[in-house]
Amino acid sequence: MLINGKCHCGNLTFVLDWPGITPDVVARECGCSFCVKHGGVWTSNPGAKLSVALASAASVSKYTFGTGTATFHVCARCGAVPIVTSEVANRLYAVVNVNTFENFDSARLHQLPADFDGEDLQSRLARRQRNWIPDVRISEGTVAAFTISGTRTSV
């Protein structure tokens, strides 16, 4: 299943290649102050692939806080936060904000509260390795298209 997403102005776009034809997507509604203030409701699948394009990389701010192990990609033009990345053992992992999905029926989302306060650093990084999207490509320009069963898509 291919899911397109973008920030409000379209400066940061993505194609999420979600494995299988799962009818429902579980999303974590993070309770940290940053996510609450920015509408961060995150999903990931360790079998997914994520291709991100930045129309203007100079217009994307990277923000970290707390442990400094997650980078929030904030569009400097519209303020939306479509993705978060984390480098673990020299590999880039990501989660995507379901509030930035373009072609997805929100009735298929199952939002669950998430609270990671008190999680030690090693446990946090191990959780990301297990659960976050491990195949992440970020480039400037147009998103590289995925080809699935003869269907080609790009944003």
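Considering region 30-57 alone, what residues qualify as being in a strand (DSSP E or B) and modelled with pLDDT under 90?
30
With respect to residue 100, is the statement that it is in contact with a Pro (Cβ under 8 Å, 6 or more places away or on another chain), surrounded by 13 or more Cβ atoms within 10 Å (Cβ to Cβ) and either modelled with pLDDT of 95 or more or not acidic (Asp, Glu) (or both) true?
Working: in contact with a Pro (Cβ under 8 Å, 6 or more places away or on another chain): yes; surrounded by 13 or more Cβ atoms within 10 Å (Cβ to Cβ): yes; either modelled with pLDDT of 95 or more or not acidic (Asp, Glu) (or both): yes.
Yes: the conditions hold for residue 100.
Only a single criterion out of (1) among the hydroxyl-bearing types (Ser, Thr, Tyr); (2) at pLDDT 95 or above; (3) part of a loop (DSSP other than H, G, I, E, B) is not satisfied by residue 67, namely (2). Residues in region 58-67: is at least one touching a residue at least 12 places away in the same chain (Cβ under 8 Å), in contact with a Pro (Cβ under 9 Å, 6 or more places away or on another chain) and either under 18 Å from residue 103 (Cβ atoms) or not acidic (Asp, Glu) (or both)? Within region 58-67 (the criterion being touching a residue at least 12 places away in the same chain (Cβ under 8 Å), in contact with a Pro (Cβ under 9 Å, 6 or more places away or on another chain) and either under 18 Å from residue 103 (Cβ atoms) or not acidic (Asp, Glu) (or both)), the answer is no, since none of the residues qualifies. Looking only at residues of region 34-54 that are of a type in the set (Val, Ile, Thr) and within 10 Å of the chain's Cα centre (by Cα), we find that the one that is farthest from residue 70 (Cα to Cα) is 52. Among the residues making up region 57-77, those that are hydroxyl-bearing (Ser, Thr, Tyr), under 17 Å from the mean Cα position of the chain (by Cα) and open to solvent by less than 60 Å² (accessible area, probe 1.4 Å) are 61, 69, 71.
Restricting attention to region 25-51, which residues are among the basic types (Lys, Arg) and closer than 16 Å to residue 117 by Cα? Within region 25-51, 28 is the sole residue that qualifies.
The values are calculated or read from the model by the stated rules, or taken from the named source; none is laboratory data. Computed from a prediction, not measured in an experiment: that's the story for all the values here. Because the Cβ atoms are built from the backbone with ideal geometry, glycine has one as well, and the counts that use them run over all protein chains shown. Note: accessible area is taken over every heavy atom of the protein model, side chains too, but ligands, DNA and RNA are not part of it. Shrake-Rupley method; radii C 1.70, N 1.55, O 1.52, S 1.80 Å.
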